[in-house]
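The values are calculated or read from the model by the stated rules, or taken from the named source; none is laboratory data. Treat the numbers as computed from the prediction; the structure is a model and nothing was measured. Glycine gets a Cβ as well: all are built from the backbone with ideal geometry, and neighbour counts include every protein chain shown.
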């Protein structure tokens, strides 16, 4: 670009970033993702570094936060609430540490690590131990006075406990809403036909900015304190020392805070927190690391906008902005039509995402989702991406509302809306799409685990007439398969071996594989433990089912309806004739009954799901959290806070090799394959 083009681009970036700062900090209604904002911000930084003559005194790179809302009075921060620089990956985090070493002339520096909570930053002011006032970060120098709203948060002490209480104490914290409470809050708003919050961060920010504190009091807000402002009448030498004292005074601190002794500790902490991200009770989007020694913090000093002694290590984005290119209706194994958006491909959570579920017609209508819309999409863990929000300000002209088709897109039969529900179903029993998706579910890893029967193979087997029911899988022979496209002798033999091995799957696996509506993996295990065989399950009465914990009327009706269907009864009979008639407890006396396992980190030779199945089949429970009742923690690569808690509680810890050796002692044959280990 020539000089004039560069100048124009700087002006564009300043205007764009100013608008998005306003939407994020003031309106709590962002139009772009954090990742996209970071890219724009970095572009402006790079241009200003290359062309210092274009650096303006009011540049967005010198700003800290957003504007102050007119409705609130203001409070000035005695010490500015500054932003942090970002490290977007491990290499940039290492570069930060190396810069610290160079500036400090020290080989190893002790840092304090903490989760980077995705909430709203606030400052609390105490005078002689009594809560006096509180404010938002605002523009970093002046914030909104939200004292009355902050008083509604139960975790904030109105009077400090203990001794050595300063004359003046200012502390900074992050106000959040937990994942569990966010879901509950949105469910309540949906029932009241109120606009849903896009994410917990927006919900927390909106709650604190209520002009009526009675509304704020009804919101499930929490806070974690992480840093000091101005303090008069108390001396301390390290960040960690102050945090420990804040705890004694009655402030809530994050339990995942940690002292990091060196660079390797810092990188390990970054990866462990990212590995535990999905299991955390609240949203985090990275870590924050700070030099522990306050004298060293002071000597390292500040840049224009950020301190040199701290940085935010950002995780891979879970939300992104992209465009809906088309919407198609997919037919599931029960005949339900699910609308799926085809998206402009984006990187999200380390993978390229090009599709997202739209759930159902009611969801489309509520969010007013249309082809051509720019949308915020989210992907948490391995969950299918979903559309969180439509950015209507970027909507193209002449878009039309989307409606599911009146006929099945596969077989052409009329579709019907399920009475009293949101689902739209194809009710044609012989619909090929239902058969194919039902088979794909039956052979999946978490069900019958038949390796080598992917989507394309299933399509081919159904289209060639070799499979008309899941039971037909067990009639397949070498001569039928070897003549088909994509099948050589080796792949045929591997598939037949996998089909044979599937006959030894547990009762819970088989129940799940049958695809009974409303019966997932957990309920399949509950049913297997209660009824001990397929015959007992499908001969039971509805009132017996309803009496079981976790089984309600809807699930009971689904099971009875499935059992009473003549085609399903015939299919079950054929499966049993082929030797698929597992009994609960066939693995022996269940030697691990009563034991609890927790798996953390990534395993190399087996997946965590398969490892969980292994212990469940031996009678143990696979839990997601470590407690005093946990018997074993199996630790893989990049294990996080669960491993640390296990050490604190004295729980028995095994690595992957020790776990596999332990399991083999129970005469369980484990066959390794490329991406899994078969259970039997």
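Taken together, 643, 618, 671 contain a single residue that is surrounded by 15 or more Cβ atoms within 10 Å (Cβ to Cβ) and modelled with pLDDT under 85, which is 618. Restricted to helices (runs of 4 or more DSSP H) entirely inside region 547-638, those with at least 1 residues that are within 28 Å of the chain's Cα centre (by Cα) are 553-564, 608-617.
Restricting region 417-427 to residues that are closer than 19 Å to residue 554 by Cα and assigned to a strand (DSSP E or B) leaves a set whose member that is modelled with the lowest pLDDT is 417.
Picking from residues in region 330-366 that are within 17 Å of the chain's Cα centre (by Cα) and crowded, with 18+ Cβ neighbours inside 10 Å, the one that is farthest from residue 414 (Cα to Cα) is 349.
Answer yes or no as to whether residue 492 is over 30 Å from residue 465 (Cα atoms) and not in a loop (DSSP other than H, G, I, E, B). Explain how you work it out, then say what you get.
Values: over 30 Å from residue 465 (Cα atoms): no; not in a loop (DSSP other than H, G, I, E, B): yes.
So residue 492 does not fit the description; no.
If you filter region 206-218 down to residues that are more than 17 Å from residue 283 (Cα to Cα) and in contact (Cβ under 8 Å) with a residue 60 or more places away in the chain, you find that the one that is surrounded by the most Cβ atoms within 10 Å (Cβ to Cβ) is 208. Can we say residue 294 is modelled with pLDDT under 95 and assigned by TED's automatic domain parsing to the domain that holds residue 275? In short, yes.
If you go through region 617-625 one residue at a time, do you hit one that is over 27 Å from residue 265 (Cβ atoms), out of contact with any strand residue (DSSP E or B) (no Cβ under 6 Å at 6 or more places or on another chain) and in contact (Cβ under 8 Å) with a residue 40 or more places away in the chain? Yes - at least one qualifying residue is present in region 617-625.
Would you check if residue 185 is over 29 Å from the mean Cα position of the chain (by Cα), modelled with pLDDT of 85 or more and not in a loop (DSSP other than H, G, I, E, B)? No. Summed over region 126-156, residues that are part of a strand (DSSP E or B) and either in contact (Cβ under 8 Å) with a residue 60 or more places away in the chain or closer than 14 Å to residue 223 by Cα (or both) total 7. When the test is whether a residue is loosely packed, with under 12 Cβ neighbours inside 10 Å and modelled with pLDDT of 85 or more, residue 76 passes it. When residue 203 is tested against (1) surrounded by fewer than 18 Cβ atoms within 10 Å (Cβ to Cβ); (2) part of a helix (DSSP H, G or I), only condition (1) is not met.
Only residues that are in a loop (DSSP other than H, G, I, E, B) and either in contact with a helix residue (DSSP H, G or I) (Cβ under 7 Å, 6 or more places away or on another chain) or closer than 22 Å to residue 270 by Cβ (or both) were counted across region 639-662, and they come to 2. With the structure loaded, tell me whether residue 471 is in contact (Cβ under 8 Å) with a residue 60 or more places away in the chain and assigned to a helix (DSSP H, G or I) or whether it fails that test. Answer is yes for this residue.
Looking at region 232-274, which of its residues are touching a strand residue (DSSP E or B) at 6+ places or on another chain (Cβ under 7 Å), buried (at least 19 other Cβ atoms within 10 Å of the Cβ) and farther than 25 Å from residue 108 by Cα? Hits for region 232-274 are 246, 251.
One line per residue, one yes/no per condition, for (1) modelled with pLDDT under 90; (2) at positive phi; (3) exposed (fewer than 15 other Cβ atoms within 10 Å of the Cβ):
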{"position": "521", "(1), (2), (3)": "yes, no, no"}
{"position": "528", "(1), (2), (3)": "yes, no, no"}
{"position": "548", "(1), (2), (3)": "yes, no, no"}
{"position": "573", "(1), (2), (3)": "no, no, yes"}
{"position": "581", "(1), (2), (3)": "yes, no, no"}
{"position": "585", "(1), (2), (3)": "yes, yes, no"}
{"position": "588", "(1), (2), (3)": "yes, yes, yes"}
{"position": "591", "(1), (2), (3)": "yes, no, yes"}
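With respect to residue 495, is the statement that it is buried (at least 16 other Cβ atoms within 10 Å of the Cβ), in contact with a helix residue (DSSP H, G or I) (Cβ under 8 Å, 6 or more places away or on another chain), over 30 Å from residue 560 (Cα atoms) and not assigned by TED's automatic domain parsing to the domain that holds residue 613 true? Considered against the rule, which asks whether it is buried (at least 16 other Cβ atoms within 10 Å of the Cβ), in contact with a helix residue (DSSP H, G or I) (Cβ under 8 Å, 6 or more places away or on another chain), over 30 Å from residue 560 (Cα atoms) and not assigned by TED's automatic domain parsing to the domain that holds residue 613, residue 495 comes out as yes. The set of residues from region 79-100 being within 30 Å of residue 133 (Cα to Cα) and modelled with pLDDT of 85 or more comprises 79, 80, 81, 84, 85. Checked against (1) touching a residue at least 40 places away in the same chain (Cβ under 8 Å); (2) more than 27 Å from residue 450 (Cα to Cα); (3) in contact with a strand residue (DSSP E or B) (Cβ under 6 Å, 6 or more places away or on another chain), residue 641 passes all but a single condition, namely (3).
Looking at region 258-265, is at least one residue in contact with a helix residue (DSSP H, G or I) (Cβ under 6 Å, 6 or more places away or on another chain), assigned to a strand (DSSP E or B) and under 26 Å from residue 376 (Cα atoms)? Looking for residues that are in contact with a helix residue (DSSP H, G or I) (Cβ under 6 Å, 6 or more places away or on another chain), assigned to a strand (DSSP E or B) and under 26 Å from residue 376 (Cα atoms), one finds none in region 258-265, hence no. A single member of 405, 401 is part of a loop (DSSP other than H, G, I, E, B), at pLDDT 90 or above and either farther than 23 Å from residue 463 by Cβ or in contact with a helix residue (DSSP H, G or I) (Cβ under 6 Å, 6 or more places away or on another chain) (or both), and it is 401.
Counting only residues that are part of a strand (DSSP E or B), within 30 Å of residue 292 (Cα to Cα) and touching a helix residue (DSSP H, G or I) at 6+ places or on another chain (Cβ under 6 Å), region 303-324 holds 2 of them.
Within region 283-302, track down each residue that is assigned to a strand (DSSP E or B) and in contact with a strand residue (DSSP E or B) (Cβ under 7 Å, 6 or more places away or on another chain).
From region 283-302, those assigned to a strand (DSSP E or B) are 284-291, 293, 302; that's our starting set.
Of everything in region 283-302, those that are assigned to a strand (DSSP E or B) and in contact with a strand residue (DSSP E or B) (Cβ under 7 Å, 6 or more places away or on another chain) turn out to be 284, 285, 286, 287, 288, 289, 290, 291, 293.
Among the listed residues 388, 384, 327, 369, which satisfies the condition of being surrounded by fewer than 20 Cβ atoms within 10 Å (Cβ to Cβ) and assigned to a loop (DSSP other than H, G, I, E, B)?
384 is the lone residue from the list that is surrounded by fewer than 20 Cβ atoms within 10 Å (Cβ to Cβ) and assigned to a loop (DSSP other than H, G, I, E, B).
Among the residues in region 170-177, are any buried (at least 17 other Cβ atoms within 10 Å of the Cβ), assigned to a loop (DSSP other than H, G, I, E, B) and either assigned by TED's automatic domain parsing to the domain that holds residue 278 or more than 31 Å from the chain's Cα centre (by Cα) (or both)?
So far as region 170-177 goes, yes, one or more of its residues are buried (at least 17 other Cβ atoms within 10 Å of the Cβ), assigned to a loop (DSSP other than H, G, I, E, B) and either assigned by TED's automatic domain parsing to the domain that holds residue 278 or more than 31 Å from the chain's Cα centre (by Cα) (or both).
Residue 610 fulfils the conditions (1) out of contact with any strand residue (DSSP E or B) (no Cβ under 6 Å at 6 or more places or on another chain); (2) surrounded by 17 or more Cβ atoms within 10 Å (Cβ to Cβ); (3) at pLDDT below 80 except for a single criterion, (1).
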